[in-house]
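In what follows, a single structure is set out as structure tokens and then discussed.
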Amino acid sequence: MSQNFSIELYFDPALENQVLKTWNILARRQISTQLIDIESRPHITLFSSPFLDPARLESVVKSFVSKQEPLALSFSSIGTFPNEKNVLFLAPAPTMALLQFQAQLCEAIKKEGIEIGEEFKADAWIPCCAVAQEVPKTRMAEAFCLLRELKLPFSGYAMDIGLVEFPPVREHFSFGLGNTLEA
């Protein structure tokens with residue numbers, strides 16, 4: 001399996017626990033355990049690339065987050081992408097604050113000479129929090145039914161940003177929003 005890197009937006013503990021409960025519901029039904037198996041953490045992917053130098057990005061991300069405040073999030077819907085990866089996700093309300101946050105982060109990364117993939121450009125990025133990956137096609141309807149029973153919205157705050165390498169997930173660094181100290 002090839003390695004990838006992503007910059008992830010992490011949640012406050014209560015919101016993170018709501019997402020983890022969702023992962024566990026799907027795991028207990030043996031629909032998908034991949035996110036648990038790769039030791040992921042509930043998140044919204046802000047940027048991803050197979051080619052990154054973590055040391056080069058650390059100061060960029062640290063500087064960026066020091067000027068940011070925690071972001072209010074409200075996961076109010078469920079969805080999937082029209083591809084073969086069979087990912088199910090919770091979608092946050094796409095607030096202007098969230099969209100601008102991601103666009104500004106990508107702009108800071110771009111200034112370092114790092115290419116931004118099409119799916120992370122401001123007019124194409126879809127904020128989402130994966131709750132299942134590689135769901136068998138024959139189980140997608142069942143998974144959707146289980147997710148529809150969730151008591152949405154799940155609301156809380158984005159509190160930290162981290163750079164991870166995966167799979168399995170290995171965090172290189174993370175910083176709290178509005179805080180220049182390592183989280």
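The values are calculated or read from the model by the stated rules, or taken from the named source; none is laboratory data. These figures come from a predicted structure and were not determined experimentally. Methodologically, a virtual Cβ is constructed for each residue, glycine included, from the backbone with ideal geometry; neighbour enumeration extends over all protein chains shown. We work out accessible area using only protein heavy atoms, side chains counted, and drop any ligands, DNA or RNA first. Shrake-Rupley method; radii C 1.70, N 1.55, O 1.52, S 1.80 Å.
Taking the range 32-50 as the range and being over 14 Å from Pro167 (Cα atoms), among the aliphatic types (A, V, I, L, M) and open to solvent by 10 Å² or more (accessible area, probe 1.4 Å) as the test, no residue passes.
Table: residues versus (1) assigned to a loop (DSSP other than H, G, I, E, B); (2) open to solvent by 40 Å² or more (accessible area, probe 1.4 Å).
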| residue | (1), (2) |
| --- | --- |
| Ala103 | no, no |
| Ile116 | yes, no |
| Glu119 | no, yes |
| Ala124 | yes, yes |
| Thr138 | no, yes |
| Glu142 | no, yes |
| Leu150 | yes, no |
| Asp160 | no, no |
| Val164 | no, no |
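Identify, please: which residue in the range 1-15 is in contact with a Gly (Cβ under 8 Å, 6 or more places away or on another chain) and under 19 Å from Arg170 (Cβ atoms) and is, among those, surrounded by the most Cβ atoms within 10 Å (Cβ to Cβ)? Step through it out loud before you land on a result.
Our first condition is that a residue be in contact with a Gly (Cβ under 8 Å, 6 or more places away or on another chain); within the range 1-15, this holds for 7-8, 10-12, 14-15.
If we keep only those that are under 19 Å from Arg170 (Cβ atoms) too, we end up with 7-8, 10.
Values: Ile7: 27, Glu8: 24, Tyr10: 22.
By that ranking, first place goes to Ile7.
When Pro54 is tested against (1) more than 19 Å from Gly162 (Cα to Cα); (2) open to solvent by 20 Å² or more (accessible area, probe 1.4 Å), exactly one condition is not met: (1). Of all the listed residues (Ala72, Ala14, Ala27, Ala55), the sole one being of a type outside the set (Val, Ile, Thr), outside any helix (DSSP H, G or I) and over 22 Å from Glu118 (Cβ atoms) is Ala72.
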